[in-house]
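Just below is one structure, and these are the notes that go with it.
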Amino acid sequence: MDSSRSLMLIGVGALLAIVVIGALVLPSYLNQPSPAPAKQEKIRLIYATAGDVNMLALMQNLIAPMYENKTPNVMINTIHTGPGESGSRLIFEKLKVAKEAGKACWDIDVAVVHQIFMSWALPENLLLPYAKNASTWKFVTSHHAFNALGTPMEGYGIPLFHSQIAIAYNTKYVKNPPKSYAELVEWVRQNPGKFGYNGVKGGMSGVGFVVGWVYWKTGEFERLTKGPYDEALKGKIEAALQELKEFNKNVRITAGNVGTLDMLAREEIWMGPVWVDMFYTWMNEGKIPEHIRLFIPEPGLPGQPMYLVIPAKACNVKESIKLIEFITSPEVQAKVIVEKYNWYPGIDGTYVMDKVSEKAKQRLFGDITPDVLKRLGRPFPLSRYLTDITSSYERIVG
């Protein structure tokens, strides 16, 4: 056999071998499962909230599950910094440290803060003016969205909710509640010992009543809430509190927010200032009878919001705005803020009314309508004036 024929036979043999091996291997290869497509990495939003533990529960138990179900590519991690001014202070300090460290992307995407926070954060340029770009800004009408204790803040935050002080009264004994502070003074004179509040200790419902008195007696609501601070107003504040000292001779001093509600429930008093959300929570729990109702006297009582803000260098601005749009939508404001938590909505209540159940509507808006809230719901004064009022109260009224 010559060499060319040998080479040809070798080539044919090799080809047959390849065909045989392929026939054996190819079916098993084709039967292998295809590699799974790579999972899309979720966007992680860091949501920091000051406030009591109910603020933590609001996000973890209600809003986050709702939003993550609607937006599966987003995961929300909630940080709780604690109640009161100190909780907001921790958020402020965390943002300030991030700015001073020169970080390109800060560790918080969305924060919920108290009013005082704005006076710290805005001068330091720690916040993004996102609010007017949010689709829900058109629902915002509250003066709280434009001014926070004297700090102009338009565009830097949207109220999450509004917590309001009102006067509760027992309809068994009070058939025609006073319409104003002036009428209240006369009612208390005729019914000594049947009005109660906690002074300026143990809760802000009493502080709010005192602030409302000062607004009424001084006639300086605009200056006290918008500033600038003028120490000369202390004289008017002290004169108003001298008259409050006389008023207090016919009232009961209660043991804080809860103490006022407890004395109302026991009928030890027939009237007193309360936080609306606390009042209705007690009523839902059967701790206070349904024949106790609410009103706001002229010229009004203070309340306070908490704000949804976005840090100046949040890592996920677009998704943060979408989350805030969800929270401040009329639907979520109705079903969560109003129905679950008994707060007034952060957006204008007229956009929420048709989405609230009849039971919740009658409960929260039956006595205090959105129009009444808009007209008589007042902000607290500038922080320095509030200090003047509370310290002067303790010195003069005692």
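The values are calculated or read from the model by the stated rules, or taken from the named source; none is laboratory data. This is a predicted model, so every value here is computed, not measured. Using ideal geometry, Cβ is built from the backbone for each residue, glycine included, and neighbour counts are taken over all protein chains shown.
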Which one is nearest to Trp120 (Cα to Cα) among residues in segment 355-373 that are part of a helix (DSSP H, G or I) and in contact with a helix residue (DSSP H, G or I) (Cβ under 8 Å, 6 or more places away or on another chain)?
Leu373
Taking segment 374-391 as the region of interest, how many residues are part of a helix (DSSP H, G or I), more than 17 Å from Asn198 (Cβ to Cβ) and not acidic (Asp, Glu)?
7
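Let's see how each residue does on (1) surrounded by 22 or more Cβ atoms within 10 Å (Cβ to Cβ); (2) over 30 Å from the mean Cα position of the chain (by Cα):
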{"site": "Ala148", "(1), (2)": "yes, no"}
{"site": "Ile158", "(1), (2)": "yes, no"}
{"site": "His162", "(1), (2)": "yes, no"}
{"site": "Ile167", "(1), (2)": "yes, no"}
{"site": "Lys172", "(1), (2)": "no, yes"}
{"site": "Tyr181", "(1), (2)": "no, no"}
{"site": "Val185", "(1), (2)": "no, yes"}
{"site": "Val188", "(1), (2)": "no, yes"}
{"site": "Gly193", "(1), (2)": "no, yes"}
Being among the polar types (S, T, N, Q), surrounded by 16 or more Cβ atoms within 10 Å (Cβ to Cβ) and out of contact with any helix residue (DSSP H, G or I) (no Cβ under 8 Å at 6 or more places or on another chain) narrows it down to one of Thr281, Thr254, Thr218, Thr260, so name that one.
Thr281
Looking at (1) in a helix (DSSP H, G or I); (2) at pLDDT 95 or above, which is the one condition that is false for Tyr173?
(1)
When the residues of segment 300-342 are filtered to those that are outside any helix (DSSP H, G or I) and of a type in the set (A, V, I, L, M, F, W, C), which remaining residue is surrounded by the most Cβ atoms within 10 Å (Cβ to Cβ)?
Val309
Does segment 94-143 hold any residues that are surrounded by fewer than 21 Cβ atoms within 10 Å (Cβ to Cβ), small (Gly, Ala, Ser) and in contact (Cβ under 8 Å) with a residue 60 or more places away in the chain, and which are they?
Ala98, Ala104, Ser119, Ala134, Ser135
Please verify whether Lys217 is basic (Lys, Arg), part of a loop (DSSP other than H, G, I, E, B) and either in contact with a strand residue (DSSP E or B) (Cβ under 9 Å, 6 or more places away or on another chain) or in the same structural domain as Asn257 (by TED's automatic domain parsing) (or both), treating the condition exactly as stated.
no
Please go through segment 284-299 and pick out each residue that is part of a strand (DSSP E or B) and either surrounded by 17 or more Cβ atoms within 10 Å (Cβ to Cβ) or at positive phi (or both).
Ile292, Arg293, Leu294, Phe295
Residue match in segment 343-350 (condition: of a type in the set (Ser, Thr, Tyr), closer than 30 Å to Glu220 by Cβ and buried (at least 16 other Cβ atoms within 10 Å of the Cβ))
yes
Residues located in segment 373-392, provided they are more than 18 Å from Ala145 (Cα to Cα) and either exposed (fewer than 14 other Cβ atoms within 10 Å of the Cβ) or not assigned by TED's automatic domain parsing to the domain that holds Ser205 (or both)
Thr387, Ser391
